[in-house]
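Reviewing the structure listed below.
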Amino acid sequence: MNAAAPKAPTATPTTSIAGAHALVVGCGITGLAAALALSERGIRVTLLERDAEPATETASAAFDHWKRKGAVQVRHSHVFLGRLRNLLRDRHPELLRQLIDAGARELRMLDTPPQTLRGLVPEPGDDDLVILGCRRTTLEWVIRRYVLARPNVTLLGGATVVGLSTEPGCVPHVTGLRIREDGSERELAADFVVDASGRQSQAPKWLVDAGARAPEELTEPSGIVYYTRFYRLRPGAEEPRPDGHPGAADYNWIKYAIFPADDRTFSITLAASLAFPEMKVLARADAFEIVANALPAVARWVDPARSEPIGDPEHPVQAMGGLVNRLRRYVDAHGPLVTGLFVLGDAAYCTNPLYGRGCSQGFVHAELLATALERHGRDWRAVALEVDAGAKRDIEPYYRASLAADRDAQRKAEGRVPKGWRARLATRFFEDGVGVAVRCDPVVYRAFVRMMNMLETPEQAFSRPSVLLRAGWVMLRGKRRNAVYALPPPPDRAAVLAACAALPSR
Ligand SMILES: Cc1cc2nc3c(=O)[nH]c(=O)nc-3n(C[C@H](O)[C@H](O)[C@H](O)COP(=O)(O)OP(=O)(O)OC[C@H]3O[C@@H](n4cnc5c(N)ncnc54)[C@H](O)[C@@H]3O)c2cc1C
């Protein structure tokens, strides 16, 4: 080594983080991911969760009985991307094994390519392209049992965090939390605090109350409402074999996805564009079934001879609106807004659920925090800056991709054309190039699958020369020659809505 070479920055933390005590707000996926990553580094963790209900005795009972008022999305379709599955495989193999034992399925995405795709041959890295299929309740139940069995993790259920305890300063330092429990308030002290309280996070208000600068916030609607119904295969019945109809498709007025899950269950999500308010009818089970049966791919799954609906008989279809893309930055041009508080997961980056990124983002974010703490110890400012830089690198590209895709979907649903030649060219490239090439070109398809699984950012996946050239070539080939790769046509919206309108009123 050249003696004159500059020294690599020291990795020795100023004060070791091992033995510190962390309070984590929220025992959802991100809170659990944080507890796991921090406790592994020798940090003692207390999870504070406002839902008082303990988890059910078994994972399979969780879907029917576990009350999760604080995370109402738990009974919507979930899929867990390669990014999360690989993190579990590489860092927590025992946890992955327990998930698989509980029925989670490792679904190899390259095993079910579009039927119009030819020439897909195995490549190094393909083993990473595996998603986990199971109900969200199953995933959360197993992770929770695993994390709470760790000696340095405790859960305080029924504890609602109402504010921060801080040492004043132009950048306040967080020294603990104020919690409400059984009707009375008290303070809990800690070395640092993690906010993993999800989409409803009150951290911006807590900061302002503590005299800190408010975080910058960017919010945009995702433009869709989610309608989900769960089913179980009947005894002896099998899942339909691939027949050319994709497991997920976007027909502008309606998007659908089929989610194979654990314990012979699966779910169907129909996502309706806000541009078509009449689709609200999907909240009715009979209307949901009409639309499901009008979609050939879905119809085969929900065929009463093959499967039967399961879930809450009072709410057979789970509906969820208010789905936003939202980013909150807790570091600005002057540095961290507070020290000793780290905001992770949905509380910081919330994206359209259609892309299935939230749980992976929560785990990635938690891992960024644990790595930064290991590196910088109790230098809270350095930790905050490193987590922020890591999130900008590893999470924000997917947030931007969600925004761009949602804006485009809303534009199409509203019948608007892109403004300006650049926007028109980009739209054409993605619709007539990439959009078709994923159904006929193995290089573009693999890039797309890597991006969808958060293994490559959209910029990395789609700016590789091989991908650009192939997608460009497909685009230039023209619509007529590409017609053979088109998605099967959508059902007729007017006919479907007329059938729904003819249903007896309730
Ligand atoms: C309809 C829908 C479908 C989705 N599908 C997918 C998918 O397929 N794949 C995927 O990866 N992601 C999906 N997501 C996103 C995923 O659900 C979230 O990203 C994930 O749940 C975020 O985890 P979290 O722990 O940050 O927040 P949450 O899971 O929302 O957990 C937050 C927890 O904090 C608790 N809490 C809140 N406030 C307080 C307080 N003041 N004091 C104490 N406790 C508090 C809540 O009770 C809750 O338990 C979907 C989301 C939705 C809405």
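The values are calculated or read from the model by the stated rules, or taken from the named source; none is laboratory data. Worth saying up front: this structure is predicted, and the values here are computed from it rather than measured. For neighbour counting, all protein chains shown are included, and Cβ atoms are generated from backbone atoms with ideal geometry for every residue, glycine included.
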- Query: Condition test on residue 339, is it of a type in the set (Val, Ile, Thr) and within 23 Å of the chain's Cα centre (by Cα)?
  - Reply: no
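Please tell me if residue 225 is touching a residue at least 40 places away in the same chain (Cβ under 8 Å), more than 30 Å from residue 329 (Cβ to Cβ) and either within 13 Å of the ligand (Cβ to nearest atom) or out of contact with any Gly (no Cβ under 7 Å at 6 or more places or on another chain) (or both).
Numbers: touching a residue at least 40 places away in the same chain (Cβ under 8 Å): yes; more than 30 Å from residue 329 (Cβ to Cβ): no; either within 13 Å of the ligand (Cβ to nearest atom) or out of contact with any Gly (no Cβ under 7 Å at 6 or more places or on another chain) (or both): yes.
No; evaluated as a whole, the condition is false for this residue.
Any idea which of 384, 372 is touching an Asp or Glu at 6+ places or on another chain (Cβ under 7 Å), part of a helix (DSSP H, G or I) and buried (at least 22 other Cβ atoms within 10 Å of the Cβ)? Working first, answer last.
Details: 384 fails: touching an Asp or Glu at 6+ places or on another chain (Cβ under 7 Å).
Result of the check over 384, 372: 372.
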- Task: Collect the residues in segment 87-136 that are β-branched (Val, Ile, Thr), touching a helix residue (DSSP H, G or I) at 6+ places or on another chain (Cβ under 8 Å) and modelled with pLDDT of 95 or more, keeping them in residue-number order.
- Result: 130, 131
- Selected residue (only one of 84, 36, 32 is closer than 22 Å to residue 161 by Cα, within 11 Å of the ligand (Cβ to nearest atom) and either modelled with pLDDT of 95 or more or in the same structural domain as residue 361 (by TED's automatic domain parsing) (or both)): 32
- Task: Can you work out which of the residues in segment 66-80 that are modelled with pLDDT of 95 or more and over 13 Å from residue 140 (Cβ atoms) is farthest from the ligand (Cβ to nearest atom)?
- Result: 77
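Rundown of residues vs (1) within 20 Å of residue 384 (Cβ to Cβ); (2) away from the ligand (no atom under 16 Å from the Cβ); (3) touching a Cys at 6+ places or on another chain (Cβ under 8 Å), yes/no style:
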position: 174; (1), (2), (3): yes, no, no
position: 200; (1), (2), (3): no, no, no
position: 203; (1), (2), (3): yes, no, no
position: 206; (1), (2), (3): yes, no, no
position: 211; (1), (2), (3): yes, yes, no
- Collect the residues in segment 189-212 that are among the basic types (Lys, Arg) and surrounded by 16 or more Cβ atoms within 10 Å (Cβ to Cβ), keeping them in residue-number order. 199
- Message: Taking the criterion of being within 28 Å of residue 450 (Cβ to Cβ) and not in a helix (DSSP H, G or I), would at least one residue in segment 86-100 satisfy it?
- Response: yes
- Task: Could you please find all residues in segment 241-255 being of a type outside the set (Gly, Ala, Ser) and more than 14 Å from the ligand (Cβ to nearest atom)?
- Result: 241, 242, 243, 245, 246, 250, 251, 252, 253, 254
- Task: Would you point out the residue of segment 362-385, among those that are in contact (Cβ under 8 Å) with a residue 60 or more places away in the chain and within 16 Å of the ligand (Cβ to nearest atom), that is nearest to residue 201 (Cα to Cα)?
- Result: 362
